[in-house]
Amino acid sequence: MTEEEFRRIYRFLKARYGIDMSRKKEIMQGRLENYVRAGGYQSFSDYMNAVESDFTGKMERELVNILTTNHTFFMREFEHFDYLRSKVLPKLKRKEERKRDLCIWCGAASTGQEPYMLAMLLKDFFGLEHEKWDTKILATDVAVEALQYATAGIYDKEQIDPLPEPWKRRFLRPLAGGMQYEITREIKDEVLFRQFNLMDVFPFKRKMHIVFLRNVMIYFDKDTKRQLMQKVYDIMEPGGYLFIGRTETIDRSSTPFELIQPSIFRKQEGKK
Ligand SMILES: C[S@@+](CC[C@H](N)C(=O)[O-])C[C@H]1O[C@@H](n2cnc3c(N)ncnc32)[C@H](O)[C@@H]1O
């Protein structure tokens, strides 16, 4: 991969998806090399010409599948789920008692572990009352392949191991052979997966009570993060909570959110 080819690909990715790989030439080359060779392209330029002239968007989606990092796992940063259960949900339950409707968005859902855990937590928290509430989770990601995996909801035994036993028994069923488990229909029905690029205009009609945007802003530069934070703020319900990855930072001086704890933010009550 020449410097020029590298620049072309990282600029393309940054302009369309916010993902900054300008210091990741080796990773980019490693991920793309076999794919480009197997496709019979003479060079990375040749390949990018094909991507940019494919108006079906299929090749671009493939490129995104290859270059995004979809690493995630059950129980990741469980402190956030504890905080939801002990602080956020009791408050929202009181506040929304009349409408019994919570809007929850998971904006970098990857292969589904995070939104499924949210669904499990909500079932657990509301118990028998859950059927009187609408707490469906919108789970989006830009990578189509990751979303297909998520929708299938089938995980290896080692992947589900970290989950609490009662959740495993209640929300997963073993598949033939016992090495894989499938998320139950009860939980799948609580999560709606859709492809969505965080760089696009937010199309949401309703304001969100809870937003999870964890471990995705690490790939964005400062300006992209700031603009994204403002867009998220605008689609949030006053009093709503935003969760970002625990190792991520956002520039405090440029965010309208109130900081509750590192990685937990809130849009103050009374704000529009
Ligand atoms: C490391 S995973 C994080 C998954 C999960 N939130 C977690 O914390 O475990 C990052 C995800 O962000 C997605 N992503 C990257 N850029 C995106 C964009 N512009 N719009 C939507 N999703 C994006 C990737 O496809 C990937 O699945």
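If only residues of segment 78-116 that are of a type in the set (Ser, Thr, Tyr) and crowded, with 22+ Cβ neighbours inside 10 Å are counted, the one that is farthest from the ligand (Cβ to nearest atom) is Tyr116. Scanning segment 152-182 for residues that are within 16 Å of the ligand (Cβ to nearest atom) and surrounded by 14 or more Cβ atoms within 10 Å (Cβ to Cβ), we see that the one that is nearest to Pro90 (Cα to Cα) is Leu163.
So which residues in segment 26-49 are over 17 Å from Glu4 (Cβ atoms) and either touching a strand residue (DSSP E or B) at 6+ places or on another chain (Cβ under 7 Å) or surrounded by 14 or more Cβ atoms within 10 Å (Cβ to Cβ) (or both), if there are any at all? Answer for segment 26-49, where residues must be over 17 Å from Glu4 (Cβ atoms) and either touching a strand residue (DSSP E or B) at 6+ places or on another chain (Cβ under 7 Å) or surrounded by 14 or more Cβ atoms within 10 Å (Cβ to Cβ) (or both): Arg31, Tyr35.
A search for C-beta distances below 6 Å between a residue of segment 228-252 that is touching a residue at least 60 places away in the same chain (Cβ under 8 Å) and any residue that is part of a helix (DSSP H, G or I), counting only pairs 6+ apart in sequence or on different chains, returns Tyr241/Val88; Phe243/His80.
Exactly one condition in (1) within 16 Å of the ligand (Cβ to nearest atom); (2) surrounded by 13 or more Cβ atoms within 10 Å (Cβ to Cβ); (3) not in a loop (DSSP other than H, G, I, E, B) is false for Gly239; which is it? Checking Gly239 against (1) within 16 Å of the ligand (Cβ to nearest atom); (2) surrounded by 13 or more Cβ atoms within 10 Å (Cβ to Cβ); (3) not in a loop (DSSP other than H, G, I, E, B), the one that fails is (1).
So, in segment 34-76, how many residues would count as being of a type outside the set (Gly, Ala, Ser), out of contact with any helix residue (DSSP H, G or I) (no Cβ under 7 Å at 6 or more places or on another chain), more than 14 Å from the ligand (Cβ to nearest atom) and closer than 30 Å to Gly153 by Cα? Of the residues in segment 34-76, 3 are of a type outside the set (Gly, Ala, Ser), out of contact with any helix residue (DSSP H, G or I) (no Cβ under 7 Å at 6 or more places or on another chain), more than 14 Å from the ligand (Cβ to nearest atom) and closer than 30 Å to Gly153 by Cα. Residue count for segment 242-255, restricted to those that are surrounded by 13 or more Cβ atoms within 10 Å (Cβ to Cβ) and in a loop (DSSP other than H, G, I, E, B): 6.
Ser263 meets the conditions (1) exposed (fewer than 15 other Cβ atoms within 10 Å of the Cβ); (2) within 12 Å of the ligand (Cβ to nearest atom) in every case but one. The failed one is (1).
In segment 183-210, the qualifying residues are those that are modelled with pLDDT of 95 or more and among the basic types (Lys, Arg), and the one that is farthest from the ligand (Cβ to nearest atom) is Arg185.
Each row is one residue, and each column tells you yes or no for (1) within 25 Å of Phe78 (Cα to Cα); (2) within 16 Å of the ligand (Cβ to nearest atom); (3) at pLDDT 95 or above; (4) among the β-branched types (Val, Ile, Thr).
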| residue | (1), (2), (3), (4) |
| --- | --- |
| Phe212 | yes, yes, yes, no |
| Asp223 | no, yes, no, no |
| Lys231 | no, yes, yes, no |
| Asp251 | yes, no, no, no |
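A quick yes/no check of all residues on (1) in a strand (DSSP E or B); (2) in contact with a helix residue (DSSP H, G or I) (Cβ under 7 Å, 6 or more places away or on another chain); (3) more than 18 Å from Phe73 (Cα to Cα):
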| residue | (1), (2), (3) |
| --- | --- |
| Asp124 | no, no, yes |
| Leu128 | no, no, yes |
| Thr151 | no, no, no |
| Gln159 | no, no, no |
| Lys168 | no, yes, no |
| Gly178 | no, no, yes |
| Ile187 | no, yes, no |
| Leu192 | yes, no, yes |
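Pick from segment 204-236 the residues that are over 24 Å from Thr69 (Cβ atoms) and among the basic types (Lys, Arg): which of them is surrounded by the fewest Cβ atoms within 10 Å (Cβ to Cβ)? Once the filter is applied, the top-ranked residue is Lys205.
Specify the residue that is nearest to Leu128 (Cα to Cα); the eligible residues are those in segment 64-104 that are among the polar types (S, T, N, Q) and in a helix (DSSP H, G or I).
As a first pass, look at segment 64-104 and keep what is among the polar types (S, T, N, Q): 65, 68-70, 72, 86.
Checking the rest, the ones that are also in a helix (DSSP H, G or I) come to 65, 86.
Numbers: Asn65: 39, Ser86: 18 Å.
Only one residue fits best here, namely Ser86.
All of (1) buried (at least 23 other Cβ atoms within 10 Å of the Cβ); (2) under 15 Å from Phe171 (Cα atoms) hold for Ala139 with one exception: (2).
For segment 1-58, residues that are over 24 Å from Gln195 (Cβ atoms), touching a Phe, Trp or Tyr at 6+ places or on another chain (Cβ under 8 Å) and not in a helix (DSSP H, G or I) total 4.
The values are calculated or read from the model by the stated rules, or taken from the named source; none is laboratory data. None of these values were measured; they are calculated from a predicted model. Glycine also receives a Cβ, built like all others from the backbone with ideal geometry; neighbour counts cover every protein chain displayed.
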